[in-house]
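These notes are about the structure you will find just below.
The values are calculated or read from the model by the stated rules, or taken from the named source; none is laboratory data. All values derive from a computational prediction rather than experimental measurement. Neighbour counts run over all protein chains shown; Cβ positions are idealised from the backbone, glycine included. Note: areas computed on protein heavy atoms with side chains; ligands, DNA, RNA excluded. Shrake-Rupley method; radii C 1.70, N 1.55, O 1.52, S 1.80 Å.
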Amino acid sequence: MLGLLNSNANVVCLLDDDPSVLKGLSRLLTSAGWHAEEFSNPEKFLLYVKTHRTPVAVIDVWMPLMNGLDVQSRLSEISPSTRVIIFTGKDDPLVRATALNAGASAFFSKPFDDEEFLTTVRLALSGT
């Protein structure tokens, strides 16, 4: 029974409109022993979170259907315990401050260091 309760403990949700970024991050997370759930559509991601325990979500800021800060805001209402890591290809100090003030565990600018990213995911999964 305990295994069933923790079945999503190593799941990291990825949300980005760029399939190559999703594939690369998914491979990186898999190489570290985690399972990545990939989403390119923010609405589908939010629907998934409503029915699945989601310990960590990695969310891109700039997407055409909904920006990552809006997703972060809606996610905090649906699943307040989900740890959020925001990343972007266009670093903007105001966007960074907004994401972190809204509770993001971390903020990365692409490209970022793989080991630093994995350490951040590890800490987010452990709840620290």
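Just to make sure I understand: if all protein chains stay in place, what is the order of Trp62, Trp34 by accessible area at 1.4 Å, largest first?
Details: Trp62 110, Trp34 30 Å².
Listed by decreasing accessible area, they come as Trp62, Trp34.
Residue-wise HN-Hα couplings along the stretch 117-125, as the Karplus relation 6.51 cos²θ - 1.76 cosθ + 1.60 with θ = phi - 60° gives them from phi, are 4, 4, 4, 5, 5, 4, 5, 5, 5 Hz; Gly and Pro carry x. Taking the Cα centre of the stretch 16-128 as reference, the dipole from Cβ charges on Lys and Arg (+1) and Asp and Glu (-1) amounts to some 340 debye. Close amide H contacts of Val58 (hydrogens built in the peptide plane, cut-off under 5 Å, sequence separation of 5 or more or a different chain): Cys13, Leu14, Leu15, Ile85.
Listed values (1) 21, 17, 14; (2) 27, 16, 14; (3) 27, 19, 11 include one computed from this model; for semi-axes √(5λ) of the Cα gyration tensor in Å that value carries the label (1).
Averaging the sequence gap over all C-alpha pairs within less than 8 Å and six or more residues apart, then dividing by the number of residues, gives the chain a relative contact order of 22 percent.
Ordering Pro42, Ser79, Thr98 by Cα displacement along the dipole of the chain toward the positive end leaves Ser79 in first place; charges were set at the Cβ atoms of Lys, Arg (+1) and Asp, Glu (-1). Here Lys110 is the anchor, and the lysines within straight C-alpha reach of less than 26 Å, apart from those fewer than 8 places off in the same chain, are Lys23, Lys44, Lys90. Taking all protein chains as shown and a probe of 1.4 angstrom, Lys23 keeps an accessible surface of around 110 Å². Sequentially through the stretch 57-72, phi angles give Karplus couplings (6.51, -1.76, 1.60; θ = phi - 60°) of 10, 10, 10, 6, 7, 9, 10, x, 7, 6, 6, x, 5, 5, 4, 4 Hz, Gly and Pro residues having no value and appearing as x. Put simply, the amide H of Ala36, placed in the peptide plane, has neighbours under 5 Å in Val12, leaving out anything fewer than 5 places away on its chain. The modelled label-to-label distance for the pair Ser20/Thr119, using points 7 Å beyond Cα in the direction of Cβ, is 2.8 nm. In sequence order, the stretch 35-41 has phi-based couplings of 9, 9, 9, 9, 9, 10, 10 Hz under the Karplus curve 6.51 cos²θ - 1.76 cosθ + 1.60, θ = phi - 60°, and Gly or Pro positions carry x.
For the chain, adding -39500 (n - 2.57) for each run of n ≥ 4 DSSP H residues and dividing by the number of residues yields -14000 deg cm²/dmol at 222 nm.
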